[in-house]
Amino acid sequence: MTLQQGLSFALVGATVLCFVWGRWRYDLVAVGALAVGVVSGLIPLKSAFEGFSNDIVIIIASALVLSAAVSRSGIVDTLMAPLLPRLKTARSQAPVMAAITAVLSMATKNVGALALMMPSALRMARNTGVAPSRILMPMSFGSLVGGLAVLVGTSPNIIVSEVRQEALGKPFAMFDFMPVGAALTVMAIAYLAFAYRLLPAGREAAVDIDAALAANAYVTEVEIPGDWSFEQNRVGDLKRAAGAAVAVVAILRGRERIASPHVARKIQPGDVLLLEGQQQALNELILKARLRLSDAARPVVMDEPTDEVRVVEAVIGAQSDLIGKTAKGLALNETYGVNLLGVSRAGYRLAGRLATIRMKAGDILVLQGSEQQLPGALQALGCLPLAEREVRLGGVRHAILPAAILAGAMVLVALGVLPVAAGFFAAAVLVVATGALRMREAYASLEAPVLVLVAAMIPVSDTIQKSGGTDLIAAWLSGAFDGMPPLLTLTAMMAVAMLATPFLNNAATVLIVAPIGLGLAERLGLSPDPFLMAVAVGAGCDFLTPVGHQCNTLVLGPGGYRFGDYARLGAPLSLLILLTAPGLIALVWPLAAR
C-alpha cells in the first residue's frame, strides 16, 4: 500500500466513522471530508467541485422538481378517488397502497412518489380508523423496491449508471433495471401483503409544527360561478366531496343569509358560501368543485414583473392595528396590497363575511400578496408570520401537464433521443416555465442535504479509485473469494452494500462500493454489469433503519415508529431479497465476461 492509498483509505474511513457515529449531519460530514481532501492534497483543487456539476446531481434534482410538480397537479388524488372508499381495512390498504407507491416510484423518484401518496394514505387511515403505522412503512418499502426498476427511480441506480459510464464508456439505459427491479417489486409486495401485521397497531403519530398549524380550522368565502355545475348542485354534494372535512357555515344570497343550510339545499350561481375546514381540505374542495375565492381575484400589487404571488399565515399581535377593525374598514387591498382569504379563531365558528369580521388578537389570517409586498404589509399591520410552510388556498392547478411532461421526458430518454440528465433537466425547466410549478416551490422541492452529500462525496470517493485503492481492495477480495462460485461472490457484494447503506446513506454507499465491485469483477474475470447491479440493489434496499434513506425517515413521525420497528418488518424482506436477487441478476446479466 502506497502513502497516497493509505491517506485515501484514512479519509474515507474517517468519513464512514463520522456517518456511523451520527454526531454530525451527513451533508456536513461530506463537505468536511471534501475540505480535508483538498487541504491535504488528496483532491486536486480543480476537481474538488466537479461533483456539483455532475450528471448525478442534475438528474436527482430534476427528478425531485418533477415529483413536486406531479404532486401539485392533484392527478394522483383524482385517479385514487374511486379506489380509496373501497379500502376499508389494513388488510387491503397495506398491500394496495404499497403497490401503488411502488408503481409511482417507477415514474418519479421514490421519495417523490411516497410524498405524493402519504396525504391520501393518512386521510384514508383517519376515515377508516386504521392505524397509520400499519400502512406507511409498507408504502415506504414499496417505494424503495419500485424505485429499483428504472434508472431515475432511486439515487443508487443513477450513480451506478454514472460509474458504468466513467469505467466502461456507456451508462445503463432507462429500463435496463426493469427485469430485476420489477420481479423484486412483485415479490416484496406479496411479502408486505401479510407481513404488515408485524407492525404495531396502536402507535400514535408524532405531531410536528406543520401538522399543528394545519389543524387550524379556517373560515373562507367562495363565490359560485355563473356556469357552475357540480353533481346535483346541493350542499350535500360539497360535503361528500370533502369527506365531511369541510362544513358549509352559511349561504349568502343577495341580502338573504341561510345559516347552517340543510344538505338538500340547492346552491345557485352567484351564491356566496362560507366554508370552514382545515387549509388542505378547503384547498382540495375549492379546486375539485371549481369554486372561486371571493377576494383572491382582486389584483395584487407587483413591484417587479418577476415578483410572485404568495399566500401566508399570520397571527394578529397584541398591538396590531387590525384589532377591533374589519378588512373592509381598513381597505386591506387598497392600502396594504394584500387580500384576506381566510380567518381562524380558536373556540369560535365565524359566521360573517370575511370583509366584515371584527378582528381580535390571536386570530390567524390567511393573506395573499406579492413576495415583495407581504413582509412590509405584515409589519405595518402588526401581524406575525407563522412557521414557514406551503399554504395553498385556491389557485390554478395544472392537472395533466406535469404528468405529460414527465412521460415525454421518459420516452425521449428511453429512445436515446436525449441523455438522462438533459432530458430530465429540460422537463424540470418546462414545468416551471409553463406555470405548473412556481419557482419558489421548485426550490423548496430540492433536498439540499442530499444533493450536497452526493456532490461532495463524488471527489472524496474518487480518491480511492484514482490512487489505485479500489484495485487493492479488489485484489484482497478476489483472494478471499478465490474458488468460490461466482454467484456466491455476487451475493457477498450485494450483502456488503445492503449492510453499509443504513449507516453510510445509499448514495455514499454506491460511490464507495461500486468501484470496488468493478475491480473485483475484473480480477475474477467476470462481467462488471452484474456486480454494478448487485451494488445498486443492495444500496437501494435499506429496510433496517429510519436514517439510511429519506423514504424511511419521511414516515417515521407520521407512523409513530420506533427505531426497532424497521428491522422487525425489514429484516425478513432484506434476507428474502438477498436470497433471490443475485440469481435474478445473473439470469438477466450473465456473470461470464463478454
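The values are calculated or read from the model by the stated rules, or taken from the named source; none is laboratory data. From a predicted model like this one, the values you see are computed outputs, not experimental measurements. Methodologically, a virtual Cβ is constructed for each residue, glycine included, from the backbone with ideal geometry; neighbour enumeration extends over all protein chains shown. Heads up: the accessible areas ignore ligands, DNA and RNA and are worked out on the full protein's heavy atoms, side chains in. Shrake-Rupley method; radii C 1.70, N 1.55, O 1.52, S 1.80 Å.
What accessible area per residue comes out for the chain, rounded to a whole number of Å², with a 1.4 Å probe?
Value for the chain: 42 Å² per residue.
Quick one: putting +1 on the C-beta of Lys and Arg, -1 on the C-beta of Asp and Glu, what dipole do you get for the chain around its Cα centre, in Debye to the nearest 20?
Dipole size: approximately 2020 debye.
Leaving out ligands, DNA and RNA but keeping every protein chain, what accessible area does K88 have, in Å² rounded to the nearest 10, with a 1.4 Å probe?
130 Å²
Could you pull out every one of the lysines with an alpha carbon less than 18 Å from that of K360, ignoring same-chain neighbours closer than 8 positions?
Hits, sequence-local ones excluded: K325, K328.
Based on the mean of other Cβ atoms within 10 Å per residue, sort peptides 257-266, 177-186, 457-466, 527-536 so the most packed one is first.
Final packing ranking: 527-536, 457-466, 177-186, 257-266.
Quick one: pull the percent of accessible area on region 488-594 belonging to carbon and sulfur, 1.4 Å probe, ligands and nucleic acids left out.
72 percent
Which is farthest toward the positive dipole end of the chain among G270, V311, A173, measuring Cα position about the Cα centre, with Cβ charges +1 (Lys, Arg) and -1 (Asp, Glu)?
G270
Please work out how much length the chain gains when fully extended from L384 to L168, using 0.36 nm per residue of separation minus the C-alpha to C-alpha distance, in nm with one decimal.
In short, 72.0 nm is gained.
What accessible surface, in Å², does a 1.4 Å probe find on L518, ignoring ligands, DNA and RNA and rounding to the nearest 10?
20 Å²
Among 93-103, 27-37, how do they line up from the highest to the lowest mean number of other beta-carbon atoms within 10 Å?
93-103, 27-37
Name the chymotrypsin sites (Phe, Trp or Tyr not before Pro) in region 1-87 that are in a loop by DSSP and that have at most 16 other C-beta atoms within 10 Å, would you? Display every interim value, and only then the final one.
Details: sites: F9, F19, W21, W24, Y26, F49, F52; in loops: W24, F49.
Those satisfying the criteria are W24, F49.
For A380, what is the net charge nearby, where nearby means another residue's Cβ is under 15 Å from its Cβ and Lys, Arg count +1, Asp, Glu -1?
-1
Under 24 Å from the Cα of K46, which lysines turn up, not counting those fewer than eight places away in the same chain?
Output for K46: K466.
Enumerate the helices in the chain for which the Kyte-Doolittle hydropathy averages 0.5 or more and the C-alpha atoms extend at least 30 Å along the helix's axis, using complete DSSP H runs.
Those that pass (Cα extent of 30 Å or more, hydropathy at least 0.5) are 563-588.
Once you list every other residue whose beta carbon is under 15 Å from the beta carbon of A456, what net charge do they have if Lys and Arg are +1 and Asp and Glu are -1?
Charge balance near A456 sits at -3.
Show the residues, 5+ positions off or on another chain, whose built amide H is closer than 5 Å to the amide H of S294.
Close amide H contacts, sequence-distant or interchain: E221, V222, E223.
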